[in-house]
Amino acid sequence: MTDTNFDLIVVGGGPGGYTAAIRASQLGMKVALVEKENLGGICLNWGCIPTKALLRTAEVYHLMHRAKEFGLKADNIGFDIEAVVKRSRGVASQLNAGVKHLMKKNKVTVFDGHAKLSGKGKLNVTKDGKPVVDLTAKNIILATGARARELPGLEADGKLVWNYRHAMVPTSFPKTLLVIGSGAIGIEFASFYQTLGCKVTVVEVLDRIVPVEDAEISAIAHKQFEKQGMVIKTKAVVKSLKRNANDVVATIEQNGKSEQFTFERVISAVGIVGNVENLGLEGTKIKVEKTHVIAGQYCETDEPGVYAIGDLTGPPWLAHKAGHEAVICVEKIAGQHPHPLNVLGIPGCTYCHPQIASVGLTEQAAKDKGYQVKVGRYPFIANGKAIALGETQGLVKTVFDAKTGELLGAHMVGPEVTEMIQGYAIAKTLETTEQELMHTVFPHPTLSEMMHESVLDAYGRAINM
Amino acid sequence: MPIQILMPALSPTMTEGKLAKWLKKEGDKISSGDVIAEIETDKATMEMEAVDEGTLGKIIIPEGTEKVLVNEPIAVLLLEGESSGATAPAAKAPAAATPAPAAAPAVAKPATAPAAAPAAKPQASSGTRVFASPLAKRVAANAGIDLASIKGSGPQGRIVRADVDQAVAGGGAKKAAPKAAAASGPVPDFGQPYTEVPHTGMRKVIAQRLLEAKTTIPHFYLTIDCNIDEIIKVRKELAESGVKVSVNDFVVKASALALRKVPQANASWTDDAVRLYTNVDISVAVATPDGLITPIVRNADKKGLAAISAEVKDLASRAKAKKLKLEEFQGGGFSISNLGMFGIKEFSAIVNPPQVCILAVGAGSERAVVKNGAITIANVMTCTLSCDHRVVDGSVGAEFLQAFQALIENPIRMIL
């Protein structure tokens, strides 16, 4: 007979949910996790990880084309899309197995099914509409995540119009592709397909691509993508899609003019919506706003004993935000005194080519908040390692509060910047000022030296520029 | 194996001291309990006794060395049969020389807080390290806030920026004390000839503590005249019966009894509360060649005049010889400073932190006094009470002086 009473039940096994389950187990709680599909969630199975596998393929492919530049020979360069997808799926399934193991190791009871709140401290689990088990718990964490937003007329059909999920497992490689939306998801797919030789058009409704990033970074990325042959239409809207047998005619409005373009495939990446449906929220005090659950600084909802973390709640919608919230939430439940999450300390990474990474306020946001700023910039072209790598396009930008020396934000575009941003994130968490960053010895020759020089530049002290 | 003799910690807060003098030479035989060296701390010179027997093999730190860190090896003691050649490896022996004087009792703590801290520490107002993020430090410095007065909410109580912001917003934080004397700017040299007397540890502590007191404590002063005709009479009578007591002894005793009546004057200010001391321990300022020191007459309210007199004499003479033990000058709830012997009529003293009151006693002298409409002659002593207004309000200080005056003018009440 399965035990059905727990200290904590986590609904959803993504990076937020499984992290919550492990942390709770570490703190001595008896924990269950309910997952309806794959442990590891979107991130691991259909998001962060498999796309990184695809983008790695694109990167290697790109370098193979540059072989001559490095004194190498490579002929008959090509790819097998089936094998590319297979590798990506293999990576996902390896990690999925890893999470299964972690659950076992941490003595987390995993239920396969869909959980729904059915009263105070109660959940019923069903699978394919059939009841599986009724569970009770002192505390419940909802971590059901989010899914692609569907705009009327742009709905994904899986054949001609894709969402991220379809875009990850193409059966054939399109020659032309329209990507609607230039957020992290849209631009990563655009970059992947563009690099493998597809003619990609990106349509963004706002005035620049990757609009959450610093304007300067957006502009550099924009220029790089165009150099690669990507067509970018900003302040543009896809008015309609006409789906033919094997292509789509898109009506795109830009600068008050409507034009029609034909694409083999379309990716709709116009944001996400929270998975708030069919959770039994109706009978509770839990508030939902714009498809996301309203939660407090310790992830508590308005319903006592029920918490919500990750993409189900407010932005930023990032796996590492979910995982961090999981820890804060569980520690709070355990009676500890965790610090609430500081949103401005959460780095964001986009793995297009060139990569984009940032943490904290953009220059404009800092100014809008009334800060007097000192801004440092250091270009990749002035960095020895970047030149040696043959990757000289990019920028490291830092924004300081002139009054206190607080690192308000850091913004990078260029190769490997996603691996470097953590340095600034640590600096922000430790509340260093420009002084400590200046006093830190950065190893030579590395790309990270640019992080040092950018700080120096903010104070007019850059050495190698 | 040779034993390393380590620099002793002579008080809980001592981090370094001066090795003033070696009383044994290399090669001297040492028995347990022998005084082997004199160590000078901020306020006193103390004797260091040997714990183990043996021969003083090697002096590592020569006498006269300043800023010797606590637990730094200062010499090597050879046990029987060991030669000085064995001293080289100098491995740390955990059971090495225990410092002679026992650590000061816990009550001594507050008085010495800043004493042993190296002058370079940024938080002059507290001897303990304050853990704060660089940004918190910068923001606090900009706002002129003393980090020591802020409670940290970060990991391990580290002060983060939000804590400083909160303190600024709530106005709960102490404004940073100006840095200690050591931090004052360079003195301009106009070419006049001079000699320089290097600061003793004591001078540095006096400078730091009094600067802190005068700049951070809201002082006010109350002055009262006391007729000491009766005291002079009683003194004579006592002298005739062979008991010699000074006017100052009466002042000590009268203060002690007045403090029993007005306990708010026997107190300390802390961030959270006013600490009222249960015992009446009176610090009596004694001038020494190196500076001022305030040995303590403990439970002065319970002691007779003769006992107080003998105790003050003993403490003063040992203070001048720098032979006071730590617990004899650390603590106390109230201070008396008497410059009557110099003919000073009246003066205002600086509160001796963490106490809240100090009584400045002038010379008793014959003065013209108007009494019942007629001018008469009386011996009058003017006393000024300096008060920390955070704890002692004007009326409380006045109440104390009134009680004090009543006792001084009617000394018979003190004897009861």
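The values are calculated or read from the model by the stated rules, or taken from the named source; none is laboratory data. Computed from a prediction, not measured in an experiment: that's the story for all the values here. In this analysis, Cβ positions are derived from the backbone assuming ideal geometry, glycine residues included, and neighbour counts consider all displayed protein chains.
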Scanning for something among the small types (Gly, Ala, Ser), within 14 Å of chain B (Cβ to nearest Cβ) and not in a loop (DSSP other than H, G, I, E, B), does region A:382-389 turn up at least one residue?
-> no
Of (1) assigned to a loop (DSSP other than H, G, I, E, B); (2) out of contact with any Lys or Arg (no Cβ under 8 Å at 6 or more places or on another chain); (3) modelled with pLDDT of 95 or more, A:LEU447 fails just (2)
Apart from one, (1) of a type outside the set (Lys, Arg); (2) at pLDDT 95 or above; (3) in a loop (DSSP other than H, G, I, E, B) all hold for A:ILE421; the odd one out is (3)
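Which one of these is assigned by TED's automatic domain parsing to the domain that holds B:GLY394 and part of a helix (DSSP H, G or I): B:LEU292, B:LEU257? Walk me through how you get there before you give the answer.
Values: B:LEU292 fails: part of a helix (DSSP H, G or I).
So the residue among B:LEU292, B:LEU257 that is assigned by TED's automatic domain parsing to the domain that holds B:GLY394 and part of a helix (DSSP H, G or I) is B:LEU257.
Kindly indicate whether A:MET412 is of a type outside the set (D, E, K, R) and buried (at least 24 other Cβ atoms within 10 Å of the Cβ). So that I can check it myself, show each step before the final result.
Details: of a type outside the set (D, E, K, R): yes; buried (at least 24 other Cβ atoms within 10 Å of the Cβ): yes.
In short, yes.
Per-residue answers, yes or no, for (1) within 23 Å of B:MET14 (Cβ to Cβ); (2) modelled with pLDDT under 85; (3) not aliphatic (A, V, I, L, M):
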| site | (1), (2), (3) |
| --- | --- |
| B:GLY127 | yes, yes, yes |
| B:ALA132 | no, no, no |
| B:ARG161 | no, no, yes |
| B:ALA177 | yes, yes, no |
| B:PRO186 | no, yes, yes |
Strands (runs of 3 or more DSSP E) completely within region A:185-289 that count 3 or more residues being closer than 30 Å to A:GLN364 by Cα | A:199-203, A:231-233, A:236-243, A:248-254, A:272-274
Failed item in (1) modelled with pLDDT of 95 or more; (2) away from chain B (no Cβ under 14 Å); (3) over 28 Å from A:ARG56 (Cβ atoms), with A:VAL455 passing the rest = (2)
Scan (1) within 17 Å of A:ALA184 (Cα to Cα); (2) modelled with pLDDT of 95 or more; (3) among the small types (Gly, Ala, Ser) for the single condition A:ALA32 breaks and write down its number.
-> (1)
Scan region A:375-402 for residues that are more than 24 Å from A:GLN435 (Cα to Cα), in contact (Cβ under 8 Å) with a residue 12 or more places away in the chain and among the aliphatic types (A, V, I, L, M) and report the count.
-> 4
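Which one of A:GLN372, A:GLN393 is surrounded by fewer than 15 Cβ atoms within 10 Å (Cβ to Cβ) and either within 25 Å of the chain's Cα centre (by Cα) or within 14 Å of chain B (Cβ to nearest Cβ) (or both)? Spell out how you get there, then give the answer.
On the way: A:GLN393 fails: surrounded by fewer than 15 Cβ atoms within 10 Å (Cβ to Cβ).
The unique qualifying residue is A:GLN372.
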Can we say A:PRO415 is within 21 Å of A:ILE217 (Cβ to Cβ) and more than 14 Å from chain B (Cβ to nearest Cβ)?
-> yes
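Please work out if B:SER133 is in contact with an Asp or Glu (Cβ under 8 Å, 6 or more places away or on another chain) and surrounded by 15 or more Cβ atoms within 10 Å (Cβ to Cβ). Break it down stepwise before answering.
Values: in contact with an Asp or Glu (Cβ under 8 Å, 6 or more places away or on another chain): yes; surrounded by 15 or more Cβ atoms within 10 Å (Cβ to Cβ): yes.
Spelling it out, B:SER133 is indeed in contact with an Asp or Glu (Cβ under 8 Å, 6 or more places away or on another chain) and surrounded by 15 or more Cβ atoms within 10 Å (Cβ to Cβ).
State whether one or more residues within region B:26-48 are farther than 28 Å from B:GLY291 by Cα, buried (at least 16 other Cβ atoms within 10 Å of the Cβ) and free of Cβ contacts under 8 Å to residues at least 40 places away in the same chain.
Of region B:26-48, the ones farther than 28 Å from B:GLY291 by Cα are B:26-34.
Checking the rest, the ones that are also buried (at least 16 other Cβ atoms within 10 Å of the Cβ) come to B:30, B:34.
Filter once more, so that each one left must be free of Cβ contacts under 8 Å to residues at least 40 places away in the same chain: B:34.
Within region B:26-48, one or more residues are farther than 28 Å from B:GLY291 by Cα, buried (at least 16 other Cβ atoms within 10 Å of the Cβ) and free of Cβ contacts under 8 Å to residues at least 40 places away in the same chain.
Regarding B:LYS21, is this residue away from chain A (no Cβ under 14 Å), touching a strand residue (DSSP E or B) at 6+ places or on another chain (Cβ under 8 Å), modelled with pLDDT under 75 and within 25 Å of B:ILE293 (Cα to Cα)?
Details: away from chain A (no Cβ under 14 Å): yes; touching a strand residue (DSSP E or B) at 6+ places or on another chain (Cβ under 8 Å): yes; modelled with pLDDT under 75: no; within 25 Å of B:ILE293 (Cα to Cα): yes.
It is false that B:LYS21 is away from chain A (no Cβ under 14 Å), touching a strand residue (DSSP E or B) at 6+ places or on another chain (Cβ under 8 Å), modelled with pLDDT under 75 and within 25 Å of B:ILE293 (Cα to Cα).
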Which numbered condition A:GLU282 misses (of (1) assigned by TED's automatic domain parsing to the domain that holds A:ILE180; (2) farther than 30 Å from A:VAL200 by Cα) = (1)
Selection from region B:139-154 of residues that are in a helix (DSSP H, G or I) and facing chain A (nearest Cβ under 9 Å) = B:VAL139, B:ASN142
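Quick one: which residue in A:VAL179, A:VAL169 is under 20 Å from A:ILE252 (Cα atoms), at pLDDT 95 or above and either hydrophobic (A, V, I, L, M, F, W, C) or not in a strand (DSSP E or B) (or both)?
Working: A:VAL169 fails: under 20 Å from A:ILE252 (Cα atoms).
Every option except A:VAL179 fails the conditions.
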